[in-house]
1. Surrounded by 13 or more Cβ atoms within 10 Å (Cβ to Cβ), touching a residue at least 24 places away in the same chain (Cβ under 8 Å) and among the small types (Gly, Ala, Ser): is that true of Ala92 in this structure?
2. Give all pairs with beta carbons closer than 6 Å in which a residue from segment 39-52 that is crowded, with 19+ Cβ neighbours inside 10 Å meets a residue that is of a type in the set (D, E, K, R); count only pairs at least 6 apart in sequence or on separate chains.
3. Quick one: which of Leu8, Leu48 is under 15 Å from the mean Cα position of the chain (by Cα) and at pLDDT below 90?
4. Out of everything in segment 40-90 that is small (Gly, Ala, Ser) and part of a loop (DSSP other than H, G, I, E, B), what residue ends up being nearest to Ser25 (Cα to Cα)?
Amino acid sequence: MTRHFVLLVAASDGAFKARLGLVASRRIGGAVARNRVKRLCRECFRWLGDLLPDEIDLVVIARNGSDSMKLHEVRAEWEGVAPALRRQATEALARRGQETHVSAAGGRKAKRPAS
């Protein structure tokens, strides 16, 4: 996670190249601002091609303030978390085939309602 982006890493379902998914909600701004943020993220993902190994999906969630950023600022933020992203990607590939989702209850079993 950076100041302006949440970066999620997961092993893909067999795709050969690393893939990018983008989320920019209306909190970012209007359509123009959201599309600008997505363009910046796509360009940064292309520019940092060796950021992630193959067979990894990167989901980027834009946060408030990301619409006013320049490309070099986005690159700097992503480069700052690159070692952590690589580590998470390696871990995701290692645990491929195991359970990949955590329940919303934080790993605890949900209580059954009393009948």
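1. yes
2. Final answer for the pair search is Cys44/Arg75.
3. After ruling out the rest, the residue left standing is Leu48.
4. Keep residues of segment 40-90 that are small (Gly, Ala, Ser), which gives 49, 62, 65-66, 68, 76, 80, 82, 84, 89.
Next, only the ones that are part of a loop (DSSP other than H, G, I, E, B) stay: 49, 65.
Details: Gly49: 25, Gly65: 12 Å.
Top of the filtered list is Gly65.
The values are calculated or read from the model by the stated rules, or taken from the named source; none is laboratory data. Predicted, not measured: the structure shown is a model, and the values here were computed from it. Neighbour counts are summed over all protein chains in view; Cβ atoms, including those assigned to glycine, are modelled from backbone coordinates with ideal geometry.
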